[in-house]
Amino acid sequence: MKKDLLSEYDLELEDYECIFEKARRLKRLLREGREHATLKGKTLGMIFDKSSTRTRISFEVGMYQMGGIALFLSNRDTQLGRGEIIADSARIMSRYLDGIMIRTFSQAAVEEFARYATIPVINGLTDLLHPCQILSDLFTIIEKRGGYSGLKIAYIGDGNNMANSWINAAAKLPFHLDLACPEGYDPDPAILKRGMAEAPAGVGLHRDPKIAVGDADIVYTDVWVSMGQEGERKERMKRFQGYQVNQALLERAKKDALVMHCLPAHRGEEITAEVIDGPRSVVIDEAENRLHVQKAIMEILL
């Protein structure tokens, strides 16, 4: 595995397997109440330009459980928010910390930070990608289905950072991915083109969610209006009609298909309460696994 985790596309098959194996071990140790302070004395700086529930709690608690300490750094509290250039912040923070996690808007900013930092940088989320979430999703699928090889995953909704991350993972791993997005809301074109060319089991893009969901093993969705898109809400609500994951759509998937959502969810919009709170939903397990997978990532990099 490289020094940083900036994109799931940078990972090779053995990297995915290493992360999942470590996550499995760390989860077992925690459940058994056994100490696993493998990062004792280590420090993680957490830079947040976007609000967070799961990302902040899971990284902070994970560092504590492994014997380290995590520092919450918002743009209101650091010189980054007052115009200090990324290169200076990256170099200085590298003298204080053992690793940095960044949750921000720009993928380019995270990559620039990593370029100047001499310590590992973890992408906690950008508008383009969400690698920690996709790794946690895949780990959850392994737990629930024994693996991802040969499965069909259907992603329904906005071609956002989660759609991009699913495509990047499909370019490396042997599962088939079908996406359904309204016209004008497709995934990143470069990522989509590369994924379609490289995916061992295939990537497809459709306008009709019923086609994408057909015979799917996993049905995945995300919010229609992400942070920073609030001004587009009225238009998005109109354009995404017909893309709701509801019971009628779910019935087109396999009878034992799992329902996943990276959360937070807007019940009654991209997914109904009946489905997300129903027996096929694994969203709470999926959210918990952010803790175990990110601990594995930190153990590898730090």
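The values are calculated or read from the model by the stated rules, or taken from the named source; none is laboratory data. Please read these numbers as outputs of a predicted model, since none were measured by experiment. No Cβ is skipped: glycine too gets one built from the backbone with ideal geometry, and neighbour counts run over all protein chains shown.
Miscellaneous remarks
- Residues of the stretch 272-302 classified as in contact (Cβ under 8 Å) with a residue 60 or more places away in the chain and aliphatic (A, V, I, L, M), total: 10
- Residues (surrounded by 13 or more Cβ atoms within 10 Å (Cβ to Cβ), aliphatic (A, V, I, L, M) and not in a strand (DSSP E or B)) located in the stretch 256-287: A257, L263, A265, V275, I276, V282, V283, A287
- Apart from one condition, K50 fits all of (1) surrounded by fewer than 20 Cβ atoms within 10 Å (Cβ to Cβ); (2) over 18 Å from V121 (Cα atoms); the exception is (2).
- Qualifying residue in the stretch 82-97 (condition: over 17 Å from the mean Cα position of the chain (by Cα), surrounded by 13 or more Cβ atoms within 10 Å (Cβ to Cβ) and under 19 Å from A37 (Cα atoms)): yes
- Residue match in the stretch 173-196 (condition: of a type in the set (G, A, S), under 19 Å from I19 (Cβ atoms) and surrounded by 24 or more Cβ atoms within 10 Å (Cβ to Cβ)): no
- Looking across the stretch 38-55 at every residue that is under 21 Å from the mean Cα position of the chain (by Cα) and not in a loop (DSSP other than H, G, I, E, B), the one that is farthest from S94 (Cα to Cα) is identified as R54.
- Residue match in the stretch 149-163 (condition: of a type in the set (F, W, Y) and closer than 19 Å to D10 by Cα): no
- The residues of the stretch 213-239 include none that are in contact with a Cys (Cβ under 9 Å, 6 or more places away or on another chain) and more than 20 Å from H130 (Cβ to Cβ).
- Within the stretch 126-167, the set of residues being in contact with a Gly (Cβ under 7 Å, 6 or more places away or on another chain) and under 17 Å from A197 (Cα atoms) comprises just one member, I167.
- Restricted to the stretch 124-164, and to residues there that are in contact (Cβ under 8 Å) with a residue 40 or more places away in the chain and among the aromatic types (F, W, Y), the residue that is farthest from H261 (Cα to Cα) is F139.
- Screening the stretch 146-223 for helices (runs of 4 or more DSSP H) wholly inside it with 1 or more residues that are modelled with pLDDT of 95 or more and touching a Pro at 6+ places or on another chain (Cβ under 9 Å) returns the ranges 161-170, 189-198.
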